[in-house]
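Below is one structure, written out as structure tokens; the observations come after it.
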Amino acid sequence: MEKEIISKLHTNFEQYAHQKDGVEFWYARELQGLLGYGRWENFENPLNKAKTACMVAKQSVLDHFRDVTKTIMMPKGAKKEILDIMLTRYACYLIAQNGDPRKDEIAFAMTYFAIQTRKQEIVQQRLEEWERLHVREKLTLSEKELSGVIFERGVDNQGFARVRSQGDKALFGGYTTQDMKNKMGVPEKRPLADFLPIVTIKAKDLASEITNHNLKKDQALRGENLITNEHVKNNKNMREMLGKSGIYPENLPAEEDLKKLERRLKSEDKKLPKAVKKLK
């Protein structure tokens, strides 16, 4: 997510935060728009799921979701009362967690409401950490799909490992997967991808996606040699693209172990209900 988008979303969410008796809260009708929902009827689905999630977590729904009545102005000076809901930060987090994951607003809100501080730089760092986890999961799925496709083309699991290894060698400028693990200090039994920076994971994923696409399009691509050539070509293309921006994957330092990162983020989320003040 671009910094400009993060900055805009951060400003919007800050502007709609309210305080009452020392408790911060957001109104559901305002959060609806902040999360990119145009219609209240569509927003009610994640809202109701959030209430259920609150009960499953053994938290009192009334502590975090408080029905209120608001008066709004109508044309010609008329007034109308509508139902609204006061939401604690935990309630907002649960709503975002059950929202449409394709929306930038949802991804931002999950991070914004999950962490103890709402400072923009902290929110941005957390978003980047979650994005790295997400693209790693996507790489796992694309490689799993590739494994299935080439199995149908007469290549077994050991053959797939060799295809992937040759792809790595092309992406990392001649360094093998094991060379890169040694270079980055990756434990022997751990996947290299769990320690790669996000730009390299994305490059590996896109190369796998292109290989998948071309294999499905061309039934003549069969056998380990032809498939290896195809995958090597796509990884070389990724390397060339990165090189034009001065990025050489073999020279990038290792990043935090994704397994440790995932445990840390989930641990922080579990602490959220205890850290958030309840509505009185």
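The values are calculated or read from the model by the stated rules, or taken from the named source; none is laboratory data. Quantities reported herein were computed from a predicted structural model and do not represent experimental measurements. Positions of Cβ are generated from backbone atoms using ideal geometry, with glycine treated the same way; all protein chains shown enter the neighbour counts.
Tabulated values for the structure
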read-out	value
Residues of segment 241-264 that turn out to be assigned to a helix (DSSP H, G or I) and either in contact with a Cys (Cβ under 7 Å, 6 or more places away or on another chain) or under 17 Å from Ile198 (Cα atoms) (or both), as a count	11
One residue from Lys236, Lys169, Lys202, Lys189 being charged (D, E, K, R), modelled with pLDDT of 95 or more and either under 28 Å from Glu129 (Cβ atoms) or not assigned by TED's automatic domain parsing to the domain that holds Lys259 (or both)	Lys202
Failed criterion for Phe151 (all others in (1) of a type in the set (Phe, Trp, Tyr); (2) part of a helix (DSSP H, G or I); (3) crowded, with 16+ Cβ neighbours inside 10 Å hold)	(3)
Test: residue in segment 144-159 that is touching a helix residue (DSSP H, G or I) at 6+ places or on another chain (Cβ under 7 Å), assigned by TED's automatic domain parsing to the domain that holds Pro249, under 30 Å from Thr111 (Cβ atoms) and touching a residue at least 40 places away in the same chain (Cβ under 8 Å)	yes
Breaking point among (1) surrounded by fewer than 17 Cβ atoms within 10 Å (Cβ to Cβ); (2) touching a Pro at 6+ places or on another chain (Cβ under 9 Å); (3) assigned to a loop (DSSP other than H, G, I, E, B), for Val199	(3)
Residue among Lys189, Lys236, Lys181 that is out of contact with any Leu (no Cβ under 7 Å at 6 or more places or on another chain) and assigned to a helix (DSSP H, G or I)	Lys236
Only one of Gly99, Gly174, Gly185, Gly154 that is within 23 Å of Leu272 (Cβ to Cβ) and small (Gly, Ala, Ser)	Gly99
